[in-house]
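Structure, as structure tokens:
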Amino acid sequence: MGNRALRAILRALDEVNRAILLLIGIGLMVITAVVFWQVMVRFVLTAAGINISSPWTEEVARYVLIWCVLLGAAVGCRKAQLIALEFLVRAVPAPLGQAMRYAALAICIAFFALLVNVGWQFVVVLGRTELSPVMQIPKTWVYWALPAAAGLMILNTLGLIVEAVITRQDIRDIGGLASTE
Amino acid sequence: MAMLLIYLLVLFGIGVPIAFALGIAPLAFLMERRLPLISIPQVVFDAMDSFVLMAVPLYVLAGRLMMTGGVAQRLVEFAVAIVGFVRGGLAAATVLTCMIFATISGSSAATAAAVGSTLVPEMERKRYPRPYAAAVVASSGELGVIIPPSVPMIIYAVIAEVSISDLFLAGVLPGALIGLVLILVNITVCSVNGYGERVEFELRAYLANLVRAAGRAVLALLLPFIILGGIYGGFFTPTEAAVVAVVYALVLSVGIYRTIAPSALPKIFSEAMFTSAVVMVIVGFAFVFAYALALMQAPQQIAAAIRGFSSDPLVFLLLVNLFLFVVGMFMETFAAIIILAPVLAPVAIQLGIDPIHFGLIMIVNLAIGMVTPPVGVNLFVACGIARISMEQLIRPLSIHLAALIVCMIIITYVPWISLALVQ
């Protein structure tokens, strides 16, 4: 495959990542809205003498959060933005440090493949029969988050390696932790 | 168990993200025991399916909104109005602003960034050496995680299964202690070295200025009362208080101060969620690691080993202080809490140490890790804002660091400071 094709694929991948970032932002808006609704229902409406209970809010918020966390972490793989110890990789001579980084990425890809596999089994084995306690929806809706995110993690990690190779950059210098809080 | 730790350290060493290293290290053990690997998704989902953890992205978001929403600026003016008249007043005001901002923000880096970006240029204008200004911001920024709300406290509470409200409450007096000590240190250092300008004190002007600044900051100053009052009045859970803080910050910054355009909101929400996801995914996989440790009965073995060495709680705490200090130099705070809390907290409880007090010791100890080189998030933030190198920061930082260490020792060996407010 030529460099041009690879660059096009990377661009497409980054479009997907951008869309997912937007999506998890919307996810946080949903979480804010439903948890705030829960507070309103408990205090304001009860105080006003209107009694509606909303047991579904917590469940929605928790499930949306699981998706957001896993997808967010998957996006982080594209530019190596997950929290890692960079100290040793940068302290050793460059060729060794780069080799360590590539080894780490290869191990991660193998682990993500395992996660896709066991995550999918988990969907099939448990998700089909299990219903959420309040809303009674099949838990497959939640459990798909792991194999889906792990799949994106594989693509993004490959994307990171491809970017380093075609732009001839030091793999250790691409991305890095944008912000830790 | 030794093998498990060796795998983990090797994976950390070659730079595997901490979240995944925690999931990969126990694989060999799980397969050797012929345990079905499907337990991995099970454990990950159990860990993340938590209403308590939801407080993390919400406090991160509230902090972001307050930071970009011009709230920090008003708090700075208020703090300067209070302590600005003394020699070194701007440095003292930096500490005070961090204390106030910490009651809204749950993170050190956000606190240091919000306060530093306004006050470092201001200190420079008033003839403070730039490295000194950066050192003040780096050291007082750690109050962000000690004064509630605090994201690391939420993570500790989830892992060690203690009450978040109690842990938050336990942070109030230690945070006040550290803040006061830092203010005194700054006034002393600035007086001795002649940093900053002397300001003529005139009572009438002082009061007029104070009233004006308080008026401008009053809406922002209400928020801590809503958050903490709501939690301790029993009105909200910490997660619900977080959402109230978000909505309040939205109303303030978008509606009243109009410092955030509605069109900027999607980006702020996305970034807050992304930052939180990067931390929370570690929690998910840390439970896989903890699951393997529990199967090996590792906490019991470690506890037995420590008791074999000494069963004196004071000796144990001293070892914990030293160990966490060294860990804090190299490791990121969340990772350290997530890995070490499940191992150390049970031992502490067996030795008769209050789990809330122990949690606070861990937080204070690791918060110092944010200010110790070579790896310390507050140092990176402060150096970035002041445009100086880490080497330039070390000398002015050392006296602040010494003060923080003294505070840590006091907080460790005087449990009353942490537990006085906790019923």
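The values are calculated or read from the model by the stated rules, or taken from the named source; none is laboratory data. Given the structure is predicted, the values throughout are model-derived calculations rather than measurements. All Cβ positions, even for glycine, are placed from backbone atoms using ideal geometry, and neighbour counts span all protein chains on display.
Among the candidates A:Leu126, A:Leu152, the residue that is more than 10 Å from every other protein chain (Cβ to nearest Cβ) and part of a helix (DSSP H, G or I) is uniquely A:Leu152.
Checking the structure you have, find out if any residue of the range A:155-162 is part of a loop (DSSP other than H, G, I, E, B), surrounded by fewer than 18 Cβ atoms within 10 Å (Cβ to Cβ) and touching a residue at least 40 places away in the same chain (Cβ under 8 Å).
Within the range A:155-162 (the criterion being part of a loop (DSSP other than H, G, I, E, B), surrounded by fewer than 18 Cβ atoms within 10 Å (Cβ to Cβ) and touching a residue at least 40 places away in the same chain (Cβ under 8 Å)), the answer is no, since none of the residues qualifies.
Would it be correct to say that A:Val92 is within 25 Å of B:Ala21 (Cβ to Cβ), free of Cβ contacts under 8 Å to residues at least 12 places away in the same chain and not charged (D, E, K, R)? Yes; evaluated as a whole, the condition is true for this residue. Among the residues of the range A:73-85, is any out of contact with any Ser or Thr (no Cβ under 6 Å at 6 or more places or on another chain) and either surrounded by fewer than 16 Cβ atoms within 10 Å (Cβ to Cβ) or over 23 Å from A:Asp170 (Cα atoms) (or both)? For the range A:73-85, residues out of contact with any Ser or Thr (no Cβ under 6 Å at 6 or more places or on another chain) and either surrounded by fewer than 16 Cβ atoms within 10 Å (Cβ to Cβ) or over 23 Å from A:Asp170 (Cα atoms) (or both): absent. All but one of (1) part of a helix (DSSP H, G or I); (2) farther than 21 Å from B:Asn186 by Cα; (3) touching a helix residue (DSSP H, G or I) at 6+ places or on another chain (Cβ under 7 Å) hold for B:Ile399; which doesn't? Status for B:Ile399: all satisfied but (2). Right, B:Phe287: within 14 Å of chain A (Cβ to nearest Cβ), over 30 Å from B:Glu122 (Cα atoms) and outside any helix (DSSP H, G or I) or not? Judged against the criteria, B:Phe287 is not a match.
Looking for whichever is among the β-branched types (Val, Ile, Thr) and free of Cβ contacts under 8 Å to residues at least 40 places away in the same chain here; the options are B:Ile385, B:Ile349, B:Ile399. Which one fits? Quick ask: steps written out before the conclusion?
Details: B:Ile385 fails: free of Cβ contacts under 8 Å to residues at least 40 places away in the same chain; B:Ile399 fails: free of Cβ contacts under 8 Å to residues at least 40 places away in the same chain.
That would be B:Ile349, the only listed residue that is among the β-branched types (Val, Ile, Thr) and free of Cβ contacts under 8 Å to residues at least 40 places away in the same chain.
Restrict the check to the range A:92-100 and report whether at least one residue is facing chain B (nearest Cβ under 8 Å) and either exposed (fewer than 14 other Cβ atoms within 10 Å of the Cβ) or over 18 Å from the mean Cα position of the chain (by Cα) (or both). Scanning the range A:92-100 turns up at least one residue that is facing chain B (nearest Cβ under 8 Å) and either exposed (fewer than 14 other Cβ atoms within 10 Å of the Cβ) or over 18 Å from the mean Cα position of the chain (by Cα) (or both). When B:Asn321 is tested against (1) polar (S, T, N, Q); (2) free of Cβ contacts under 8 Å to residues at least 40 places away in the same chain; (3) touching a helix residue (DSSP H, G or I) at 6+ places or on another chain (Cβ under 8 Å), exactly one condition is not met: (2).
Residue-level analysis places A:Ala104 outside the set of residues that are surrounded by 21 or more Cβ atoms within 10 Å (Cβ to Cβ) and more than 9 Å from every other protein chain (Cβ to nearest Cβ). Just give me the residues in the range B:268-278 being more than 7 Å from chain A (Cβ to nearest Cβ) and either surrounded by fewer than 24 Cβ atoms within 10 Å (Cβ to Cβ) or of a type in the set (A, V, I, L, M, F, W, C) (or both), in sequence order. Within the range B:268-278, B:Ile268, B:Glu271 qualify.
Counting the residues of the range A:112-144 that are more than 15 Å from B:Phe45 (Cβ to Cβ) and crowded, with 20+ Cβ neighbours inside 10 Å gives 1.
Taken as a whole, the condition of being modelled with pLDDT under 90, in contact with a helix residue (DSSP H, G or I) (Cβ under 7 Å, 6 or more places away or on another chain) and under 23 Å from B:Pro148 (Cα atoms) does not apply to B:Val364.
Can you pull out the helices (runs of 4 or more DSSP H) entirely within the range A:1-107 that have at least 2 residues that are over 23 Å from B:Val243 (Cα atoms) and modelled with pLDDT of 95 or more? Let's see the steps before the verdict.
Working: elements: A:3-40, A:56-76, A:87-91.
Because the criterion is at least 2 residues that are over 23 Å from B:Val243 (Cα atoms) and modelled with pLDDT of 95 or more, the helices (runs of 4 or more DSSP H) in the range A:1-107 that meet it are A:3-40, A:56-76.
The residues of the range B:214-267 that are exposed (fewer than 15 other Cβ atoms within 10 Å of the Cβ), β-branched (Val, Ile, Thr) and within 14 Å of another protein chain (Cβ to nearest Cβ) amount to a single one, B:Val251.
Being basic (Lys, Arg), more than 30 Å from B:Ile14 (Cα to Cα) and loosely packed, with under 13 Cβ neighbours inside 10 Å is the requirement here; does A:Arg18 meet it? Taking the combined requirement at face value, the residue does not satisfy it.
Restricting to the range B:181-201, and then to whatever is of a type outside the set (D, E, K, R) and surrounded by fewer than 15 Cβ atoms within 10 Å (Cβ to Cβ), can you tell me which residue is farthest from B:Ala402 (Cα to Cα)? In this case the residue turns out to be B:Phe201.
For the range B:359-370, name all the residues that are away from chain A (no Cβ under 14 Å) and touching a residue at least 60 places away in the same chain (Cβ under 8 Å). Walk me through how you get there before you give the answer.
To start, the set of residues in the range B:359-370 that are away from chain A (no Cβ under 14 Å) comprises B:359-365, B:368.
If the condition is that a residue be away from chain A (no Cβ under 14 Å) and touching a residue at least 60 places away in the same chain (Cβ under 8 Å), then B:Gly359, B:Leu360, B:Met362, B:Ile363, B:Val364, B:Ile368 are the ones that fit.
Inspect all residues belonging to the range B:129-147 and state whether any of them is within 22 Å of B:Val414 (Cα to Cα) and outside any helix (DSSP H, G or I). The answer is yes; a qualifying residue exists. Answer yes if at least one residue in the range A:132-153 is closer than 19 Å to B:Met280 by Cα and β-branched (Val, Ile, Thr), and no otherwise. Yes - at least one qualifying residue is present in the range A:132-153.
Kindly establish whether B:Ala72 is crowded, with 18+ Cβ neighbours inside 10 Å, more than 26 Å from A:Val124 (Cα to Cα) and out of contact with any Lys or Arg (no Cβ under 8 Å at 6 or more places or on another chain). So B:Ala72 fits the description; yes. Only residues that are more than 8 Å from every other protein chain (Cβ to nearest Cβ), outside any loop (DSSP other than H, G, I, E, B) and free of Cβ contacts under 8 Å to residues at least 24 places away in the same chain were counted in the range B:28-52, giving 2. Residue check: B:Arg87 meets all listed conditions (1) at pLDDT below 90; (2) of a type outside the set (A, V, I, L, M); (3) out of contact with any Ser or Thr (no Cβ under 7 Å at 6 or more places or on another chain) but one, namely (3).
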